[in-house]
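The structure appears right after this line, and notes come after that.
The values are calculated or read from the model by the stated rules, or taken from the named source; none is laboratory data. Just so we're clear, the structure is a prediction, and the values are computed from it rather than from any experiment. Note that each Cβ is placed from the backbone with ideal geometry, even for glycine, and that neighbours are counted across all protein chains shown.
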C-alpha cells in the first residue's frame, strides 16, 4: 500500500497484511495520521504525496520473477496516490498490471463497480476480477442479488466474510484457500 492514511482507531493495513498473510516484505511509501483521502491527509499535516517515481521505485524493489506482488490502493481507482494527480489507475498503466477490484455487496456497489470497470477499460487495463469483502453471515436479498450481478460484470474471485481481519493467520489461510477461485490463484503463482 504505497500511501496509507490512518483509520480512526489507528489500524495499520500493512501490519494487518503481515499478520494475516505472513508477508514480511511490505512497503508503505507514505503514511498519514488521519483517515482521509491521501491528498487531504497529506495536506492536513503539511506534507505532500510521494512522487510517481518514488512509488514505482518501491514497487519495483519488491517485484521478483515467480513472485506475486500486490499493490493496494486507498479509496478507489481514481483517488490521487502520488503527486501531480497520479492515481492507482495511472500506476497500473505504468506497471502494465491487471487490477483486482474489491467491492462490497451493499446498495450502490453495482454502480461503483461498473464505474471502476469503465475506468479500467478506458485505459485498456485488464480487470483480474472482483473480490467481495465483508460478506455478512446472513445476507439479505440486496446483498445476494448484488453478488450475482457483480459476477456478471467481472469474474468473481472470492467472497470474504465480514470479520475476516480478526482471524488468526492460520484461520485466514484456511479461509482464503477455501474462498478464492482455485484455478485463478494457481495461474497467479505458477
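Assess whether residue 70 counts as being modelled with pLDDT of 85 or more, under 18 Å from the mean Cα position of the chain (by Cα), surrounded by 18 or more Cβ atoms within 10 Å (Cβ to Cβ) and closer than 27 Å to residue 109 by Cα.
Values: modelled with pLDDT of 85 or more: yes; under 18 Å from the mean Cα position of the chain (by Cα): yes; surrounded by 18 or more Cβ atoms within 10 Å (Cβ to Cβ): no; closer than 27 Å to residue 109 by Cα: yes.
Spelling it out, it is not the case that residue 70 is modelled with pLDDT of 85 or more, under 18 Å from the mean Cα position of the chain (by Cα), surrounded by 18 or more Cβ atoms within 10 Å (Cβ to Cβ) and closer than 27 Å to residue 109 by Cα.
Which one is surrounded by the most Cβ atoms within 10 Å (Cβ to Cβ), of the residues in segment 128-140 that are in contact (Cβ under 8 Å) with a residue 12 or more places away in the chain and out of contact with any strand residue (DSSP E or B) (no Cβ under 6 Å at 6 or more places or on another chain)?
Filtering first and then ranking leaves 134.
Regarding segment 8-22, can at least one residue be identified that is at pLDDT below 85, buried (at least 18 other Cβ atoms within 10 Å of the Cβ) and touching a helix residue (DSSP H, G or I) at 6+ places or on another chain (Cβ under 7 Å)?
No, segment 8-22 contains no residue that is at pLDDT below 85, buried (at least 18 other Cβ atoms within 10 Å of the Cβ) and touching a helix residue (DSSP H, G or I) at 6+ places or on another chain (Cβ under 7 Å).
Working carefully through the options 91, 49, find the one that is under 27 Å from residue 130 (Cβ atoms), touching a helix residue (DSSP H, G or I) at 6+ places or on another chain (Cβ under 8 Å), surrounded by 13 or more Cβ atoms within 10 Å (Cβ to Cβ) and touching a residue at least 40 places away in the same chain (Cβ under 8 Å).
The conditions single out 91.
Could you check, for segment 109-125, whether at least one of its residues is part of a loop (DSSP other than H, G, I, E, B), under 18 Å from residue 157 (Cα atoms) and either in contact (Cβ under 8 Å) with a residue 24 or more places away in the chain or assigned by TED's automatic domain parsing to the domain that holds residue 188 (or both)?
Residues of segment 109-125 that are part of a loop (DSSP other than H, G, I, E, B), as a first pass: 123-125.
After this cut, where a residue has to be under 18 Å from residue 157 (Cα atoms) as well, the list is 125.
Next, only the ones that are either in contact (Cβ under 8 Å) with a residue 24 or more places away in the chain or assigned by TED's automatic domain parsing to the domain that holds residue 188 (or both) stay: 125.
Scanning segment 109-125 turns up at least one residue that is part of a loop (DSSP other than H, G, I, E, B), under 18 Å from residue 157 (Cα atoms) and either in contact (Cβ under 8 Å) with a residue 24 or more places away in the chain or assigned by TED's automatic domain parsing to the domain that holds residue 188 (or both).
Check segment 149-168 and report whether any residue there is crowded, with 16+ Cβ neighbours inside 10 Å, over 17 Å from residue 104 (Cβ atoms) and free of Cβ contacts under 8 Å to residues at least 24 places away in the same chain. Spell out how you get there, then give the answer.
If we filter segment 149-168 for residues that are crowded, with 16+ Cβ neighbours inside 10 Å, which is where we start, we get 150, 153-154, 156-160, 164, 167.
Now narrow it down to the ones that are over 17 Å from residue 104 (Cβ atoms): 167.
Pick out the ones that are also free of Cβ contacts under 8 Å to residues at least 24 places away in the same chain and you get none.
No.
Quick check on segment 61-82. Is at least one of its residues out of contact with any strand residue (DSSP E or B) (no Cβ under 7 Å at 6 or more places or on another chain) and assigned to a helix (DSSP H, G or I)? Write out each step before concluding.
Of segment 61-82, the ones out of contact with any strand residue (DSSP E or B) (no Cβ under 7 Å at 6 or more places or on another chain) are 61-72, 75-76, 82.
Adding the requirement that they be assigned to a helix (DSSP H, G or I) leaves 61-62.
Checking segment 61-82: at least one residue is out of contact with any strand residue (DSSP E or B) (no Cβ under 7 Å at 6 or more places or on another chain) and assigned to a helix (DSSP H, G or I).
Which of (1) touching a strand residue (DSSP E or B) at 6+ places or on another chain (Cβ under 9 Å); (2) surrounded by fewer than 15 Cβ atoms within 10 Å (Cβ to Cβ) is the odd one out, the single condition residue 2 does not satisfy?
Status for residue 2: all satisfied but (2).
Which count do you get for residues in segment 173-190 that are touching a strand residue (DSSP E or B) at 6+ places or on another chain (Cβ under 6 Å) and within 17 Å of residue 127 (Cα to Cα)?
3
Taking residue 55 as the residue in question, decide whether it is part of a helix (DSSP H, G or I), in contact (Cβ under 8 Å) with a residue 40 or more places away in the chain and under 19 Å from residue 32 (Cα atoms). Talk me through it step by step, then tell me what you get.
On the way: part of a helix (DSSP H, G or I): yes; in contact (Cβ under 8 Å) with a residue 40 or more places away in the chain: yes; under 19 Å from residue 32 (Cα atoms): yes.
Spelling it out, residue 55 is indeed part of a helix (DSSP H, G or I), in contact (Cβ under 8 Å) with a residue 40 or more places away in the chain and under 19 Å from residue 32 (Cα atoms).
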